[in-house]
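Quick notes on the structure that follows.
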Amino acid sequence: MSDIIIFYGSKVKFDEYLPSQYSTLTELVYENDRDSKNMIIQIAGQEQPKSEPEKIIVENIVVGSDEYAGVREHVIINFNNFISKFEYDRLYLHNPPLQISEQIKRLFPEAKVCNQEYTNLTLDDLKEINSEYDNRIIGQKRAKENLLQALFPMTLSNRKKPIVILLYGISGIGKTETAKFISEVIGEPLFRKQFSMYQNNQFANYLFGGAHYEKSFAKDLLDRESNVLLLDEFDKAHPSFHSAFYQLFDEGIYEDQNYYLELKKSIIICTSNYLSLEEIEENLGSPIFYRFDKIIQFKELTSEEKNEIGVKILSETSAEYDMNLSSDVMKRLFDSFLHCSNVRQIRNIIQDTFAFNAIINEIEKE
């Protein structure tokens with residue numbers, strides 16, 4: 001009996017299971033197609049010996065999650081028949097679609113199923129967020145307090161389902177940066193999807209599952225490296241797609257016609273540029289509105305906070321360019337900060353100012 005390992009998780013962790021030498025699904029499909037094209041010449045009057053086709057011998061077979069999209073439908077539907085054409089010692093499957101995993105589990109019930117263990121939020125992580133947040137995201141002390149309250153249940157050992165948080169307020173004042181900061185504290189790359197890009201009919205296939213070779217949200221979730229998820233500009237997706245998230249937000253389960261997965265103890269952060277709770281519920285609708293565990297406002301920046309942000313970015317940019325600005329330029333910069341509404345605008349003004357002065361300095365050297 002050959003060993004079969006089904007692994008659910010990121011490619012980075014899947015690679016840790018693999019031997020140094022192996023054949024891929026793509027290579028085997030090519031090998032099988034090549035053999036099937038070999039011509040058999042029959043001579044009239046002579047009976048040809050009947051024999052079973054010889055199996056191709058390989059020690060290890062590895063099927064990466066991206067390979068399923070590159071093979072024909074019949075390989076997926078009849079995967080066990082296809083794989084039986086090879087004699088192998090070990091088979092490694094990475095995030096297989098349901099059509100394959102159900103065939104394998106039915107024929108080989110002793111197949112080993114492994115799931116990636118993601119890093120969970122701890123009390124020490126919360127303490128670090130509390131102590132460092134104000135240095136990273138300026139002007140959102142109240143948002144930080146609400147965030148700590150929302151995240152605390154994730155430190156409890158009996159908590160299994162995800163926490164779903166909606167951060168709302170104008171653009172560029174720390175919502176996305178908050179999600180990045182949390183993932184950095186936990187120590188895993190942020191899983192981020194920009195929902196402003198998904199507003200057409202193709203998004204329906206992406207969310208609910210289309211053909212096996214098409215991209216899907218479920219497959220991307222299986223491939224993720226982190227349990228911190230950012231659904232950026234969640235409000236930009238059409239409300240007709242919100243039903244895809246009901247079970248995910250309620251139970252941590254996401255499924256489409258090709259994949260099924262459970263997200264245990266995940267931190268799911270959605271962002272929105274709406275300015276009030278009333279506006280959020282009116283536009284997103286009550287079914288999704290009441291599925292958020294916590295809705296946190298990010299308030300607009302005061303003049304003092306804009307200056308504080310400007311000082312921080314000025315220091316970073318000055319070190320980057322290895323130059324200082326004149327007092328006159330600095331005064332004009334601080335005056336301009338007051339007309340900015342977010343961090344992004346302040347950063348752009350500072351970057352443009354340094355770039356312009358650097359160019360002038362180079363011209364004066366000539």
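Of all residues in the stretch 277-305, those satisfying the criterion of being under 21 Å from Ile173 (Cβ atoms), open to solvent by 70 Å² or more (accessible area, probe 1.4 Å) and within 28 Å of the chain's Cα centre (by Cα) are Leu277, Gln297, Lys299.
His242 meets the conditions (1) over 22 Å from Pro153 (Cβ atoms); (2) open to solvent by 50 Å² or more (accessible area, probe 1.4 Å); (3) out of contact with any strand residue (DSSP E or B) (no Cβ under 8 Å at 6 or more places or on another chain) in every case but one. The failed one is (2).
Comparison of Leu248, Leu221, Leu230 shows that the only residue that is outside any helix (DSSP H, G or I) and closer than 30 Å to Ile129 by Cβ is Leu230.
All told, Ser131 meets the bar of being open to solvent by 40 Å² or more (accessible area, probe 1.4 Å), more than 24 Å from the chain's Cα centre (by Cα) and at pLDDT 95 or above.
Restricting attention to the stretch 152-174, the residues that are within 17 Å of Gln194 (Cα to Cα), outside any loop (DSSP other than H, G, I, E, B) and open to solvent by 10 Å² or more (accessible area, probe 1.4 Å) add up to 1. Can you find even one residue in the stretch 80-98 that is over 25 Å from the mean Cα position of the chain (by Cα), open to solvent by 20 Å² or more (accessible area, probe 1.4 Å), farther than 30 Å from Glu177 by Cβ and of a type in the set (Gly, Ala, Ser)? Yes, the stretch 80-98 contains at least one residue that is over 25 Å from the mean Cα position of the chain (by Cα), open to solvent by 20 Å² or more (accessible area, probe 1.4 Å), farther than 30 Å from Glu177 by Cβ and of a type in the set (Gly, Ala, Ser).
Residues are listed down the side, and each one gets a yes or a no for (1) in contact with an Asp or Glu (Cβ under 7 Å, 6 or more places away or on another chain); (2) of a type in the set (D, E, K, R); (3) over 30 Å from Phe241 (Cα atoms):
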| residue | (1), (2), (3) |
| --- | --- |
| Phe292 | no, no, no |
| Lys306 | no, yes, yes |
| Ser318 | no, no, yes |
| Asn348 | no, no, yes |
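Candidates are the residues of the stretch 140-150 that are open to solvent by less than 50 Å² (accessible area, probe 1.4 Å) and out of contact with any strand residue (DSSP E or B) (no Cβ under 7 Å at 6 or more places or on another chain); the one that is nearest to Glu305 (Cα to Cα) is Gln140. Every listed requirement among (1) over 29 Å from the mean Cα position of the chain (by Cα); (2) outside any helix (DSSP H, G or I); (3) surrounded by 15 or more Cβ atoms within 10 Å (Cβ to Cβ) is met by Pro109 save one, (3).
The values are calculated or read from the model by the stated rules, or taken from the named source; none is laboratory data. Being a predicted model, the structure only gives us computed values, none of them experimental. Every residue, glycine as well, gets a Cβ built from its backbone with ideal geometry; the counts of neighbours run over all protein chains shown. In case anyone asks, the SASA skips ligands and DNA or RNA and just uses the protein heavy atoms, side chains included. Shrake-Rupley method; radii C 1.70, N 1.55, O 1.52, S 1.80 Å.
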